[in-house]
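Engineer: Mind having a look at this structure? Questions to follow.
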């Protein structure tokens, strides 16, 4: 289920955040783009496709410096997600697959 989940009484309803539209990213992360792709669209890809995208990504010196911290974080999360996708057999690291 995408979006934030809020419990109301005994039932659970889904409410998609108006800021991130269910991407579960903060406003700074939502501004991040690589090769004309938003970080939200990239994180929606299967783990293997995301790895291939970043393996092929070539940045100039200035872009590399600007993206250094973000790329380090992405690589750390990708390492976790690729291991999870393999273990779970889902091919995904989406929040709705993490509990399986």
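The values are calculated or read from the model by the stated rules, or taken from the named source; none is laboratory data. It should be emphasised that the depicted structure is a prediction, and the values quoted were computed from it without experimental measurement. Reconstructed Cβ throughout: ideal geometry from the backbone, glycine too, with neighbour counts over all protein chains shown.
Engineer: Out of region 23-48, which residues are part of a helix (DSSP H, G or I) and surrounded by 12 or more Cβ atoms within 10 Å (Cβ to Cβ)?
Structural biologist: Residues satisfying the conditions are 29, 30, 39, 40, 41, 42, 43, 47, 48.
Engineer: I would also like to ask the following. Among the residues of region 49-62, write down those that are more than 15 Å from residue 38 (Cβ to Cβ) and either surrounded by 14 or more Cβ atoms within 10 Å (Cβ to Cβ) or touching a strand residue (DSSP E or B) at 6+ places or on another chain (Cβ under 7 Å) (or both).
Structural biologist: Across region 49-62, the qualifying residues are 51, 59.
Engineer: Can you name every residue in region 71-100 that is at pLDDT 85 or above and in contact with a helix residue (DSSP H, G or I) (Cβ under 8 Å, 6 or more places away or on another chain)?
Structural biologist: Result: 71, single match.
Engineer: Please work out which residue is farthest from the chain's Cα centre (by Cα), limiting yourself to region 30-43 and to residues that are free of Cβ contacts under 8 Å to residues at least 12 places away in the same chain and closer than 18 Å to residue 81 by Cβ.
Structural biologist: By that ranking, first place goes to 38.
Engineer: Quick one: how many residues across region 54-65 are in a helix (DSSP H, G or I) and modelled with pLDDT of 90 or more? Step through it out loud before you land on a result.
Structural biologist: Taking region 54-65 first, the residues in a helix (DSSP H, G or I) are 54-56, 61-65.
Going one step further and asking which of them are modelled with pLDDT of 90 or more, we end up with 56, 61-65.
So the count comes out to 6.
Engineer: Just the residues that are closer than 15 Å to residue 63 by Cα and in contact with a helix residue (DSSP H, G or I) (Cβ under 7 Å, 6 or more places away or on another chain), please, taken from region 23-32.
Structural biologist: 32
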